[in-house]
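Inspection log for the structure reproduced underneath, given as structure tokens.
The values are calculated or read from the model by the stated rules, or taken from the named source; none is laboratory data. Quick caveat: nothing in here was measured; it's all calculated off a predicted structure. Here the Cβ is made from the backbone with ideal geometry for all residues, glycine too, and neighbour counts use every protein chain on show.
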Amino acid sequence: MSEKIKILTISDHPLSPSGVGTQTRYIIEGMLKTGKYQVFSFGGAVNHPSHEPQKTEQWGDDWIIWPVDGYGTPDQVRAMIHQNKIDILYFMTDPRFYGWLWQIENEVRAHVPMVYYHVWDNYPYPSFNRAAYRSNDHVACISRLTHDILQTVAPETDSSYIPHAVDGDIFKVTSPDEAYAYKKSKGLEDKFVCFWNSRNARRKQSGTLIWWFKEFLDKVGHDKAALVMHTDTKDQHGQDLEAIIHELGLVNGEVLFSRDKIQATDLATVYGMADLTICISDAEGFGLSTLESLSCGTPILVNMTGGLQDQVTDGENWFGIGLQPTSKAIIGSQQVPYIYEDRISKEDFIEALTKLYEMSPEERTELGLAGRKWTQDRFNFDDFISRWDELFTKTYEEKGSWQNREGYVPYEVREF
């Protein structure tokens, strides 16, 4: 291969801490390490102090990031593709944000293939997404549920299942001595520590968690456990979590907030300190925090929705507790006419939390280490990077770009 494959990525800013941004960064850095690629990125979904192009010290001209509002515009995509002779367009997040891009797919795909990393949370099968699915050369899916949806709604579209991954060399098991020392430094050495690491947004059920945790404490004792929440307590898309703990009287260390951004290595230490990590979202495309937790050897308590189902069990063994939803309400909007919203019950949650609390430390450790092995087997970083390298290389060689573009016909013939 005489020249590098040029990829344009569109996603959350790849240096941002969101799941979409993080996974895109993993993919980009993995591709750059092969020496085969040059990457141009639209960094979206954040407020930018400047829209000047950005470079990293490590990658220089091989990776240029262009801050954009939203996820960019048709004209920005046209300009980037034509000015830089892009070979592949990669984009990621759920379909609501890319209607504008698929509207110009006839322009884009005439020159370069489109590879979409698809995020979708739940059934029923979204037949309203069929046109969007068919507007891509390949759709990679983050969960088995998402892949089943793609294969059912648009079976003629090339697709694959490529779940998220975390770097096991960063998110690794903390030694017992280090975990205890960190726990003691926070005044938590005698407590059962539950960790929650998510955005404070409606679907994440942050307020519900605090309310139910209070009832758990009423049962086992307010001095026996603590909930550590790594989040923005004042997020405009969530609840005022500080108001909730004051309303419930949980102001004596029962609920602790971690508001500042921290390095991944420090986050791994927090996972190592915790006895379990909780995620009870009513909709969750994948759930990166729980995968990070398992990689650190800490078991999880999750709602059996979306990609969380892929993590908590391999079909036979469990790496924590997965709670089946007790209600599946159909909700929707003008963009998404229908989708299930999965809710667990308070009683099931408190029972599961009590079960994990009553386990011996050795039993929880065994459960967590089994989860660590599961992440290494199924969600390891090397396989993740290898799958994306294979997909991009295959797409480049078989679909081509510009002068040797193959596999795209800008029209179809129908019989009536």
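If only residues of the range 191-210 that are touching a residue at least 60 places away in the same chain (Cβ under 8 Å) and part of a helix (DSSP H, G or I) are counted, the one that is nearest to residue 17 (Cα to Cα) is 204.
Within the range 32-58, being hydrophobic (A, V, I, L, M, F, W, C) and in contact with an Asp or Glu (Cβ under 8 Å, 6 or more places away or on another chain) holds for 32, 39, 45, 46. Residue 356 passes every criterion in (1) surrounded by fewer than 17 Cβ atoms within 10 Å (Cβ to Cβ); (2) within 30 Å of residue 216 (Cα to Cα) apart from (1).
None of 179, 274 is surrounded by 20 or more Cβ atoms within 10 Å (Cβ to Cβ) and either touching a Lys or Arg at 6+ places or on another chain (Cβ under 6 Å) or closer than 21 Å to residue 302 by Cα (or both) except 274. Give me the pairs, please: first residue somewhere in the range 151-174 and farther than 21 Å from residue 284 by Cβ and without any contact (Cβ under 8 Å) to a residue 40 or more places away in the chain, second residue anywhere and assigned to a loop (DSSP other than H, G, I, E, B) and of a type in the set (Ser, Thr, Tyr), beta-carbon distance under 7 Å, and either six or more positions apart or on two chains. Close Cβ pairs (under 7 Å, with a partner that is assigned to a loop (DSSP other than H, G, I, E, B) and of a type in the set (Ser, Thr, Tyr)) do not exist here. Considering only residues of the range 383-411 that are basic (Lys, Arg) and under 18 Å from residue 108 (Cβ atoms), which is surrounded by the fewest Cβ atoms within 10 Å (Cβ to Cβ)? Top of the filtered list is 405. For the range 296-310, the criterion of being at pLDDT below 95 and either assigned by TED's automatic domain parsing to the domain that holds residue 140 or among the β-branched types (Val, Ile, Thr) (or both) is satisfied by no residue at all. Remark: pairs (first residue in the range 78-107, in the same structural domain as residue 13 (by TED's automatic domain parsing) and among the polar types (S, T, N, Q); second residue part of a helix (DSSP H, G or I) and surrounded by 16 or more Cβ atoms within 10 Å (Cβ to Cβ); Cβ separation under 8 Å; 6+ apart in sequence or on different chains) = 93/20.
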